[in-house]
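The values are calculated or read from the model by the stated rules, or taken from the named source; none is laboratory data. The model shown is predicted, which means the values in this text are computed figures rather than measured ones. Don't worry about glycine lacking a Cβ; one is built from the backbone with ideal geometry, like all the others, and counts go over all protein chains shown. Side chains included, ligands, DNA and RNA excluded: accessible areas come from the protein's heavy atoms. Shrake-Rupley method; radii C 1.70, N 1.55, O 1.52, S 1.80 Å.
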Amino acid sequence: MDAFLVSTGIVGLAEIGDKTQLLAFLLAARFRRPLPIVLGIFVATVANHAFAAAVGALVSQLLGAGTMRWVLGLSFLGMAAWVLTPDEIDAEEAQLAKYGVFLTTLIAFFVAEMGDKTQVATVALAARYESMAAIVAGTTFGMMLANVPAVYFGERIANRVPLKLVHGIAALIFAVLGIATLLGMGEGLGF
């Protein structure tokens, strides 16, 4: 349960203001068909995060516990810095409308997630926790918590959520996870 909850919280916070959330706003404004957009986000996220979790599990098997502690600790610290960097949408990610709403969303989200903060976080979380299913479920749930309201409520939410505060909180969480991991305290804290 810890893996699911930590994954949900980290990805849910990291996703706010992320380029895939901006993509969700854009798709919602362009198509005005929330259900196929939400389904496309869900399928793309499950596929992308399952791949990321498999990579994370493989990395944890290949590296020893001491090396993994440093890799994870430094990864979490890197994520803390990365979360503070605002994202932008690439124009080509938004020009897939010829495939229909669901397929456009699925392709755009899958591609946008490649190498994104939440995918990197999924790799790191899967390297830390043994339950790939809990990680994929948690990171997917975190993505949906951040993106479903973006699709349905769009600008009304975007104008009320202080992105600097949310990014600051997410960066602080990643920094605490990184420091705790580097100091060897991760197991006592559940990460």
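Observations on the model:
- A single member of Phe109, Phe141 is open to solvent by less than 10 Å² (accessible area, probe 1.4 Å), at pLDDT 85 or above, under 15 Å from Glu15 (Cβ atoms) and of a type outside the set (Val, Ile, Thr), and it is Phe109.
- Some residue of the stretch 90-103 being more than 14 Å from the chain's Cα centre (by Cα), open to solvent by less than 20 Å² (accessible area, probe 1.4 Å), among the aliphatic types (A, V, I, L, M) and modelled with pLDDT of 80 or more: yes
- Test: residue in the stretch 150-171 that is closer than 26 Å to Leu58 by Cβ, at pLDDT 80 or above and open to solvent by 80 Å² or more (accessible area, probe 1.4 Å): no
- Taking the stretch 110-124 as the range and being in a loop (DSSP other than H, G, I, E, B) and more than 8 Å from the chain's Cα centre (by Cα) as the test, the residues that pass are Met114, Gly115.
- Some residue of the stretch 123-130 being at pLDDT 90 or above and either of a type outside the set (Gly, Ala, Ser) or surrounded by fewer than 21 Cβ atoms within 10 Å (Cβ to Cβ) (or both): no
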